[in-house]
Each structure stands twice: as structure tokens, then as C-alpha cells.
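No lab work stands behind these numbers, since they all come straight from the coordinates. Computed from a predicted structure; not experimentally measured. FYI the Cβ positions are ideal-geometry reconstructions off the backbone, even for glycines, and counts take in every protein chain you see.
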Amino acid sequence: MMLDNERANFATKLGIILATAGSAVGLGNVWRFPYMAGQNGGAVFIVIYMLCVLLLGIPCMINEFIIGRHAFANTARAYRTISKSRGWMLIGYMSVLTGFLITGYYAVVSGWCLQYVWASLVGHLHGEPDYYKSYFASFSSDPVKPIFWLVIIMLMTYLIVKNGIRDGIERASKLFMPTLFILLVIIVVASCMLPGAHAGIEFLLKPNWSMINSDVFLSALGQSFYSLSIAMGCICTYASYFSKHTNLANSAIQISVIDSMVAILAGLMIFPAAFSVGVNPDSGPSLIFITLPNVFQQAFGEWPVVGYVISLMFYGLLTLAALTSLMSLVEVSTAFCQEEMKITRKAATLIVVSSATIIGVFCSFSLGAYDGLAFFGLSLFEIFDFVTGQIFLPVVGFLTSVYIGWFAPHKVVRDEFTNWGTLRGTYFHLYLLLVKYICPICIIFIFLHQFGLI
Ligand code: PFF
């Protein structure tokens with residue numbers, strides 16, 4: 001049996017699952033999945049989504065697990081180690097860059113969550129429906145406030161990540177993830193008990209076959225990819241801290257189940273409350289920063305304390321979801337800087353956090369304070385989102401699948417999958433089949449669909 005090497009690693013299996021699930025569970029689970037499910041056939045969409053997770057999400061996650069754990073090194077070096085080639089190594093660099101660029105704008109929205117925790121706490125989230133719209137518009141375009149919260153959330157991330165894998169990321173995930181889950185369940189119960197809540201549950205879960213078309217399939221494919229934090233270095237970097245005994249396939253399944261469960265529960269938190277007060281839910285930032293504060297006030301406003309507490313709990317859970325994803329994003333570049341520049345973890349975290357904060361500041365400014373920061377009609381914020389999410393992400397995912405399926409040393413892939421023959425690896429051939437054919441084809445479809453080409 002091989003011994004774990006000297007490099008830092010997660011202390012427990014639970015830590016591995018919670019930290020990686022923490023990366024996956026993020027704003028995407030709350031602001032995108034429920035709406036997509038409700039709009040696209042309810043339970044049928046959920047089944048399709050699970051199928052996409054199974055066919056694309058889990059195999060792609062295992063790919064990154066294999067590359068990361070094989071090298072016990074940051075993502076850029078991990079691709080170099082397994083491929084021993086300069087060409088494939090570039091995918092590793094691209095992953096790190098993608099992770100870094102996402103950090104900047106993801107942090108801006110994470111900061112907004114924190115601002116809304118504050119606003120709930122001091123009772124600012126109160127008013128007529130139009131009030132929430134103008135509150136968000138004036139806050140997000142303010143030159144100072146979003147920057148203040150951006151700096152605070154980045155500082156929190158810094159304080160966690162600088163402490164390393166066990167004392168920082170693992171410890172925080174073990175605290176944050178169960179808290180997030182408890183908050184989620186409490187709000188789901190409260191929301192489902194409201195009068196008229198059943199209409200929302202029906203909207204989310206009622207199977208409606210007539211809504212299904214190729215668009216729905218392709219959107220579900222894209223969402224499964226983003227939701228599992230694939231192709232951004234996070235999964236690969238975390239895997240480099242796994243132990244040699246970690247069962248990669250089982251871990252990928254458990255993480256995907258947690259991620260999907262949180263997404264479905266998020267729907268059960270949002271729709272029953274929205275339908276009970278007759279508000280049409282939407283998606284994206286406007287759902288969580290404009291529609292939902294209004295819904296919560298209207299739905300629970302009769303019991304003032306409940307309305308206050310639910311709103312606080314909601315933004316608390318959103319902040320935790322964003323923070324655990326942010327930690328994983330910062331870790332990608334931190335591991336890279338620490339190992340490639342041979343500096344201390346503290347220095348590496350500081351460099352990453354401060355440079356990502358600078359990007360965040362410009363992204364935030366581009367949303368209103370200095371709207372001259374726009375190119376081709378898109379704000380800097382939207383450009384970062386577009387370039388990373390629509391271009392880098394599918395390119396990295398595609399090349400990684402092609403590499404593992406067709407070019408990587410078969411023995412290494414098999415050894416990692418079966419933990420050097422100590423696991424049965426029943427599904428190894430199925431996994432390989434998916435990675436060779438299904439995943440690359442699916443990703444090409446996602447890519448073309450995004451640009452309206454199919
Ligand atoms: N998976 C996260 C979500 O669903 O919100 C977003 C994300 C986090 C994507 C970290 C990529 C990543 F590296």
C-alpha cells in the first residue's frame with residue numbers, strides 16, 4: 001500500500017465530502033436551478049438534470065479527481081505531471097486562470113449576500129414591492145457599499161484559506177455546510193406551511209412532459225456542469241488533498257447527490273412562498289435580491305419576528321453557500337502561487353485575495369458606478385461571466401475529457417479509479433465509455449447551444 005506523501009491533506013472523509021460539496025453548492029443552486037426546473041417541466045426536468053449529472057457531471061468530476069490526486073499538486077502542475085506534455089499542461093493553466101477570473105466577480109455577488117444579511121439584521125428589507133427594486137439598484141451601483149462588502153467577504157475568505165486545508169477549509173466546511181443545510185430545511189418547512197403553498201410545490205414538482213425539448217436538455221447539461229464546479233480547477237485542486245484511500249467514484253456520487261438535493265430544496269424554499277403570495281419567481285440576481293425579499297416580507301410579514309428571522313436565515317445560508325464556493329476558488333490560485341512561486345501559504349493567499357479583490361472592484365464599478373467599464377455592450381462583470389462560463393469552462397471540460405479518455409496513461413487512470421486495485425472498480429468501463437464519447441459530445445452541444453448555433 002502506498003503511503004500518503006508529505007503534502008497537506010484533508011483529515012477525514014467527511015471533510016472531503018463537505019468541502020467539495022461546499023464548492024459545488026453555491027449561488028447557482030439557489031438562483032438558477034429552481035427556476036429552470038419550474039419553467040421546464042418540473043419533475044421531468046429534475047429527472048433529466050439527474051441524468052445529465054450522471055452522464056456528464058460525475059464522469060467529469062472523476063476526471064479532475066484523478067488528475068489532482070495523481071499529482072498531489074496544484075492544477076497547473078497536476079496536468080503537467082499526468083501528461084508530461086506542454087500541450088496538455090496548458091489546460092491546467094487555463095483552469096487556474098478560469099478559477100481566478102471567476103473569483104473576482106463571484107466575490108462581488110457574495111459581498112451582496114453579506115450586505116443583505118446586514119440589511120435583514122437592521123430591518124432595512126421592508127417596503128412596497130418597488131422598494132426592493134430601487135434598493136438593489138441603488139446599492140449595487142453605489143461606488144462604496146458593494147466594495148466594502150466585497151472586501152469583508154474576501155477578508156473572511158483570506159482568514160479561512162490562509163490557515164490551510166485542515167485548519168482552514170476543512171474546519172470551516174464542517175461548520176458551514178451543516179449550518180447551511182439546517183437553515184435550508186427550516187425555511188423549506190416554513191415556506192411549505194404557508195397557505196396556498198401547494199401551488200408552488202406543484203409548479204416545481206409536477207411532471208409536465210409537454211415542456212421537454214432539446215433546449216431543456218442542453219440547459220440542464222450546462223447547469224450540471226456549472227453547479228458541480230467543473231473545469232475551474234476547484235475539483236482538481238481539492239482532489240490533490242485527498243488521501244490515497246479516498247474512493248473517487250463514490251465521493252463524486254455523494255457530492256453530486258448533496259448538490260442536487262440542495263438545488264431541489266432551494267426550489268421548495270422559493271416557490272411555495274412565492275406562490276402563496278402570488279408573486280411570479282424569476283431567476284438570477286433579481287430573484288434573490290429583489291423578488292425574494294419582497295416574497296418573504298409578504299408571506300411572513302403577518303408575524304413580524306418570523307419575517308425578520310426568515311430573511312436573516314435566507315441571506316445567512318446564501319452567504320455560507322457563496323463563501324464555501326469562494327474558498328475553493330481562492331484555493332485554486334493559492335495552491336498554484338504557493339507551489340510555483342515557492343512562497344508561504346499566507347503570502348500566496350494574500351496575493352490571490354488582493355488581486356481578485358481588485359478585479360472584483362472593477363467588476364462592481366462596471367455595474368453602475370462607472371458604467372464606462374463596458375466593452376461590446378457588456379459590462380466588465382458580464383464579460384468575465386461570459387468568457388469564463390461560456391468559453392473557458394466548456395473548452396477546459398472538453399479537453400480534459402478528451403485527454404483522460406484518449407490520451408492519458410490507461411494504467412494511471414485505472415489505478416486511481418480503483419485505488420491501485422484495492423477497489424473492485426465495477427463501473428470503470430462505463431466511466432471510460434462516458435469520458436471517451438458521451439462527455440465530449442455533450443460538451444460540444446452545450447458550447448454550440450450557448451451561442452445559439454443549435
Ligand atoms: N458551483 C457553484 C454554484 O453552483 O454556484 C459555482 C462555482 C463555484 C462554479 C466554484 C465554479 C467554481 F469553481
*Would you mind calculating the relative contact order of the stretch 1-108 from Cα pairs under 8 angstrom and at least 6 residues apart, reporting the percent as a whole number?*
12
*Which trypsin sites (Lys or Arg not before Pro) does the stretch 71-119 hold that lie in a coil by DSSP with at most 15 other beta carbons within 10 Å?*
Lys84
*³J(HN,Hα) across the stretch 334-344 via Karplus (A = 6.51, B = -1.76, C = 1.60, θ = phi - 60°), whole Hz, x for Gly/Pro?*
5, 4, 4, 5, 4, 7, 7, 9, 6, 10, 6
*What is the order of Leu329, Leu432, fewest Cβ neighbours within 10 Å to most?*
Leu432, Leu329
*Enumerate the calculated ³J(HN,Hα) couplings along the stretch 86-101 in order (Karplus 6.51 cos²θ - 1.76 cosθ + 1.60, θ = phi - 60°), each rounded to whole Hz, writing x wherever the residue is Gly or Pro.*
5, x, 5, 4, 4, 5, x, 5, 5, 4, 4, 5, 4, x, 5, 5
*Grab the DSSP H runs of the chain that are 4 residues or longer, score each as -39,500 (n - 2.57), total them, divide by all residues and round the 222 nm result to the nearest 500 deg cm²/dmol.*
-22500 deg cm²/dmol
*Enumerate the aspartates and glutamates that Lys346 could reach by cross-link, defined here as Cα to Cα under 15 Å, with residues fewer than 8 away along the same chain left out.*
Asp167, Glu331
*Met261, Met327 arranged by Cβ crowding within 10 Å, fewest neighbours leading*: Met261, Met327
*Could you please rank Trp31, Trp420, placing first whichever residue has the fewest other Cβ atoms within 10 Å of its Cβ?*
Trp420, Trp31
*Greater than 22 Å apart at Cα, pairs in Lys244/Lys342; Lys145/Lys174; Lys244/Lys436; Lys133/Lys206; Lys162/Lys342; Lys13/Lys174*: Lys244/Lys342; Lys145/Lys174; Lys244/Lys436; Lys133/Lys206
*When Lys and Arg each count +1 and Asp and Glu each count -1, what net charge do the other residues less than 14 Å away from Trp88, Cβ to Cβ, add up to?*
+3
*According to the Kirkwood expression over distinct Cα-Cα pairs, how big is the hydrodynamic radius of the stretch 385-454, in Å?*
13.3
*What ³J(HN,Hα) values, in whole Hz, does the Karplus curve 6.51 cos²θ - 1.76 cosθ + 1.60 give for the stretch 406-416 when θ = phi - 60°, with x put for Gly and Pro?*
10, 10, 5, x, 4, 5, 4, 4, 5, 4, 5
